Amino acid sequence: MNESRFNILLVEDNDGDIYLFRMALHEAQVAFDLTVIKDGAEALAFVSGKKEYADQRVPDLAVLDLNLPKQEGVEVLAALRQNPRLAAVPVFVTSSSHSPRDQAESARWGIERYLIKPLDFEGFLEIGLILKEFLMRNGTR
């Protein structure tokens, strides 16, 4: 992986959303390496450094869907925050849920932002710009 690129972890099970997320980052002209994990159990393996994730670089940013198969996103978020190696990784939560309870539970774990998944392409492009602005402002690399 190239050190001049942002290392982004995307935990998302929807192939369409993964595609749109990549497109949004490309459109925002973010130089990135993307690690995609498609279910909560695999995300927990990443957090604990198991399997092929034993030597994985600490991400500059994690984007986490709350509704995942095998393990809920909030459990993955809790595991991230409880792992000393990954606790400081900025996390953006994405969800189709407008539930104040989901938002409050995510906020309790110190996320950067809760983003409602957009219904259109332009909305996904906006996510790319939001993430770019965050990465540039925080100098995360």
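Read-outs: derived from the displayed coordinates by stated rules, not from any lab. Keep in mind that what you see is a predicted model, and the values were worked out from it rather than measured. No Cβ is skipped: glycine too gets one built from the backbone with ideal geometry, and neighbour counts run over all protein chains shown.
A compact table of results
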read-out	value
Additional length obtainable on full extension of the chain from residue 82 to residue 5, 0.36 nm per residue less Cα span	25.1 nm
Lysine pairs within the chain, Cα separation less than 18 Å, 8 or more sequence positions apart or different chains	7
The chain, relative contact order [Cα under 8 Å, separation at least 6], %	29 percent
Dipole magnitude (debye, nearest 20) for segment 53-141, charges at Cβ of Lys, Arg, Asp, Glu	340 debye
For segment 94-141 and segment 1-44, distance of Cα centres in Å	14 Å
